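The values are calculated or read from the model by the stated rules, or taken from the named source; none is laboratory data. Just so we're clear, the structure is a prediction, and the values are computed from it rather than from any experiment. Here the Cβ is made from the backbone with ideal geometry for all residues, glycine too, and neighbour counts use every protein chain on show. Only protein heavy atoms, including side chains, enter the accessible area calculation; ligands, DNA and RNA are left aside. Shrake-Rupley method; radii C 1.70, N 1.55, O 1.52, S 1.80 Å.
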Amino acid sequence: MKIGITGTRHGMTKLQKKFCGYVFEALNPEEVHQGDCVGADADAHRVAVELGIFTVCHPPEKHQLRAYTIPNEMRKPKSYFARNRNIVDETDLLLGFPSKRSPRLGGTWYTIDYALKKNKPVIWFSQQPELIIYENVTEEVKRKIRDAIGDGAWKTLNTNDVLSKGTYTV
């Protein structure tokens, strides 16, 4: 499985980073694709590298928000929207981390909406309120994530009636 990342330039919350790690551990992706911007892209890249996952970078043409991560593989720079579409097109599942400031606008939401139009599985985790939404995600994938979360700090979330519905609040 190949996982694509999209998210806010403001970075992930601690809980989002923890969830990102649980998803990577649960699904054991062969690759993680990210857009090489500061914030969620760089955060997810660090989590993937820590777990020894092969990383693929889809950098933007503009340099202002580049994170300059060091991936295993680098794609040619493209416009923000073109590289976001490529991330979706080259992966099997999209993991999104939109900003609490975002009323469903901007590159993160464009990418999530594009993935949904392509009928790709999408898991997105908003910051305020902290909600995890599963769209087009199989029960097997949800179960793997639920199993990875286990007890630990997430014990209160590890219940069928919370996780299996596809949305939960923390």
*If you average the sequence gap of Cα pairs under 8 Å that are 6 or more apart and divide by the length of the stretch 60-138, what percent do you get for the contact order?*
25
_Alpha-carbon radius of gyration plus Dmax, which is the widest Cα pair, for the stretch 52-152 in Å_ = 14.8, 43
*Provide the three semi-axes, in whole Å and in decreasing order, of the ellipsoid equivalent to the stretch 1-98 as defined by the square roots of 5 times the Cα gyration tensor eigenvalues.*
19, 15, 12
*PHE54 label point, 7 Å along Cα→Cβ, cut-off 15 Å on backbone N: hits in the stretch 16-33?*
28-33
*asked:* Checking the table LYS76/LYS118; LYS18/LYS120; LYS62/LYS142; LYS17/LYS117; LYS78/LYS118; LYS14/LYS118 against a 28 Å threshold on Cα-Cα, which pairs fail?
replied: LYS62/LYS142; LYS14/LYS118
*Give the accessible area for TYR110 in Å² (nearest 10); use a 1.4 Å probe, count only protein heavy atoms, and leave out ligands, DNA and RNA.*
70
